[in-house]
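Student: A single structure is presented below for examination.
The values are calculated or read from the model by the stated rules, or taken from the named source; none is laboratory data. Everything numeric in this text was worked out from a predicted model, so none of it was measured. All Cβ positions, even for glycine, are placed from backbone atoms using ideal geometry, and neighbour counts span all protein chains on display. Accessible surface areas use protein heavy atoms only, side chains included; no ligands, DNA or RNA. Shrake-Rupley method; radii C 1.70, N 1.55, O 1.52, S 1.80 Å.
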Amino acid sequence: MDSDDEPWGGSDDDPVAVGDYYYDCSDGGGGGGGEEDEGSDCAGDDYEVREEVASMREKRYIVLSENDIHERQEEAIRRVSSIFSIPRESACILLRHYKWNISKLSDEWFADEERVRHFVGLPTNGAVLPDCQELTCGICFEGYSTSALSSAGCVHLYCHECWEGYISASINDGPGCLSLRCPEPSCTAMVLEETINRLAKDEEKVKYKQFLSCSYVEDNKKIKWCPAPDCTRAVEFLGDENYDVSCMCKFSFCWNCTEETHRPVSCETVSKWILKNSAESENVNWIIANSKPCPKCKRPIEKNHGCMHMTCRPPCKFQFCWLCLGDWSEHGSRTTGGNYACNRYEADKKKGIYDEAEAQRERAKNSLVRYTHYFERWASNQKSRQKAQGDLQKFESELAKLSDILGIPESQLKFIPEAWSQIVECRQVLQWTYAYGYYLDDKAKNDFFVYLQGEAESGLERLHKCAEKDIHAILPKAGETEPLPSLQDFNEFRVKLAGLTSVTRNYFENLVQALEAGLEDVRVTGGQSTSKKKARTASKRKPSAKGKSGRNKKARITIS
């Protein structure tokens, strides 16, 4: 809703694979005027170069494979080793300590090399061994020849067997082995990778290299692992307000909080919503709204049918009245009105004795009903999205087979998986709009939000129905020998599905932008919520049918 002319028109920016990297770029040619575009076939070499440069400049993130990470790490180590004229192992220790930030390391190294060496634990000069035929190990106190002893570049010598045990215990404890220092408590000398490779067991060397490789990602503020199960790729974020990224394993997530993509809600809202779904707060609300405590043991009891005579479970077994919570032995048909009424309760209620308890119960019930409404729809869209992901994978795997059956090039069938991909994306957006609505307190904005959400749901249902059911008109039926659909029928369906995909994409993209902006163009006039955008453009690209959540809502959009 950022443009007065095209409020529901969105960009078609998609991730693009280039070489070994995976870029997400936006169209670099959006700044050109209409006159420049007219009459241009966009085929010139200059135009292609400009497009490529613009897209490379505006890429938002890069997906890194394990090989990419290793190559970057080795390049950083080689660079520091060459510039500082130090061994590779020393360069590796320095980079790890400075979290692979070469710029910061260079500034401090050339400002005061001695201080950096002392701080990190790199010896200035090699250790001078005593001129003895036999020396004592500082751990087992056995005598060994100098060739059977090693140090971390300091004067503390230990036998190879003790070194092996010390290194093994550290590596098995986890990534802390990358900061392993001399066994002498008062010594700060770092144990270099060369010592690990010379004295550790083969399986422990492999673990150490894995920890070292992972440190390049985990210590780097601009790179994070893909949170998808069994995925070993990482994503480098290059800077943008939009944190949504897609790994090459096809898992999309928010780079900032590493949760699944959750536009239009913020990471803070996602955190609150996930915590609320897993916390006990709604269980407490349910107990308050639907139960009362036993007057004797205080155990919560639910009454789901029957009379007012309640009996607590063993070992309590206290009998009481559900309404007034008094001892049932003091109740009866003559004194309190029988098993289905309580005169004492009615009298005390008129005096206001139960007002606070009833108000608390009513608040808890309303809160529970409201939360259940949003959570059920949030969960329902999550299930629909997961099913749509399965359908997307099915069509992608069977595209070549379908091409052979229909006799149509595979390139002309890609509009089908593109539609399913759009359904998956829109389902995720619609799913998180329910978390957005739960925390939306502004009454005027909430009314307009419900209307927009209903229109979005209606449009998505039309696209989903077309991709899931209408597609059977062009697909061959199993076990039947009916003639294949005509080329005209296929083209009509392609135009319909591609059109719905485009319209739905544009609507949802602009819906997301409007919600992320906080529906700032909504104001109240005469007790009704209104929008400053022009009504004609709101209906230009949006789906025409009303959604379920907006079916009974009357949203009035006025022209300002």
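Student: Any residue in the range 489-500 that is within 14 Å of Lys465 (Cα to Cα) and part of a helix (DSSP H, G or I) sitting within a Cβ distance under 8 Å of a residue that is open to solvent by 70 Å² or more (accessible area, probe 1.4 Å) and among the small types (Gly, Ala, Ser)? List the pairs, counting only those 6 or more apart or interchain.
Tutor: Final answer for the pair search is Phe493/Ala473.
Student: Collect the residues in the range 242-254 that are more than 17 Å from Leu64 (Cβ to Cβ) and either part of a strand (DSSP E or B) or at pLDDT 90 or above (or both), keeping them in residue-number order.
Tutor: Matches in the range 242-254: Asp244, Cys254.
Student: How about the range 136-149: which of its residues are crowded, with 17+ Cβ neighbours inside 10 Å, free of Cβ contacts under 8 Å to residues at least 24 places away in the same chain and either of a type outside the set (Ser, Thr, Tyr) or farther than 11 Å from His160 by Cβ (or both)?
Tutor: Leu149
Student: Cys257 - would you say it is over 27 Å from Tyr438 (Cα atoms), in a loop (DSSP other than H, G, I, E, B) and in contact with a Cys (Cβ under 8 Å, 6 or more places away or on another chain)? Let's see the steps before the verdict.
Tutor: Working: over 27 Å from Tyr438 (Cα atoms): no; in a loop (DSSP other than H, G, I, E, B): yes; in contact with a Cys (Cβ under 8 Å, 6 or more places away or on another chain): yes.
Criteria not met by Cys257.
Student: Quick one: in the range 302-316, which of the residues that are in contact with a helix residue (DSSP H, G or I) (Cβ under 9 Å, 6 or more places away or on another chain) and surrounded by 14 or more Cβ atoms within 10 Å (Cβ to Cβ) is farthest from Asn343 (Cα to Cα)?
Tutor: The qualifying residue farthest from Asn343 (Cα to Cα) is Met310.
Student: Looking at the range 243-256, is at least one residue within 28 Å of the chain's Cα centre (by Cα), under 28 Å from Ala514 (Cβ atoms), of a type in the set (A, V, I, L, M, F, W, C) and open to solvent by 40 Å² or more (accessible area, probe 1.4 Å)?
Tutor: Scanning the range 243-256 turns up at least one residue that is within 28 Å of the chain's Cα centre (by Cα), under 28 Å from Ala514 (Cβ atoms), of a type in the set (A, V, I, L, M, F, W, C) and open to solvent by 40 Å² or more (accessible area, probe 1.4 Å).
Student: Could I ask something else about it? Tell me the residue from Ser502, Ser549, Ser531 that is modelled with pLDDT under 55 and either closer than 25 Å to Asn242 by Cβ or open to solvent by 30 Å² or more (accessible area, probe 1.4 Å) (or both), please.
Tutor: Criteria check complete, one pass: Ser549.
Student: Which ones in the range 160-181 are in contact (Cβ under 8 Å) with a residue 60 or more places away in the chain and either under 25 Å from Gly143 (Cα atoms) or among the polar types (S, T, N, Q) (or both)?
Tutor: Ser179, Arg181
Student: On to the next question. Quick check on the range 150-159: of everything there that is open to solvent by 20 Å² or more (accessible area, probe 1.4 Å) and under 17 Å from Glu193 (Cβ atoms), which residue is modelled with the highest pLDDT? Step through it out loud before you land on a result.
Tutor: Initial filter on the range 150-159 (open to solvent by 20 Å² or more (accessible area, probe 1.4 Å)): 151, 153, 155-157.
Narrowing further to those that are under 17 Å from Glu193 (Cβ atoms): 151, 153.
Working: Ser151: 87, Gly153: 84.
By that ranking, first place goes to Ser151.
Student: Still on this model: Taking the conditions exactly as written (open to solvent by less than 60 Å² (accessible area, probe 1.4 Å), modelled with pLDDT of 80 or more, of a type in the set (Ser, Thr, Tyr) and not in a loop (DSSP other than H, G, I, E, B)), does Thr269 satisfy them or not?
Tutor: yes
Student: If a residue has to be out of contact with any Lys or Arg (no Cβ under 9 Å at 6 or more places or on another chain), farther than 26 Å from Ile69 by Cβ and open to solvent by 30 Å² or more (accessible area, probe 1.4 Å) to count, how many in the range 184-220 make the cut?
Tutor: Number of matching residues: 3.
Student: Of all residues in the range 189-231 being more than 37 Å from the chain's Cα centre (by Cα) and of a type in the set (S, T, N, Q), which is nearest to Cys247 (Cα to Cα)?
Tutor: In this case the residue turns out to be Asn197.
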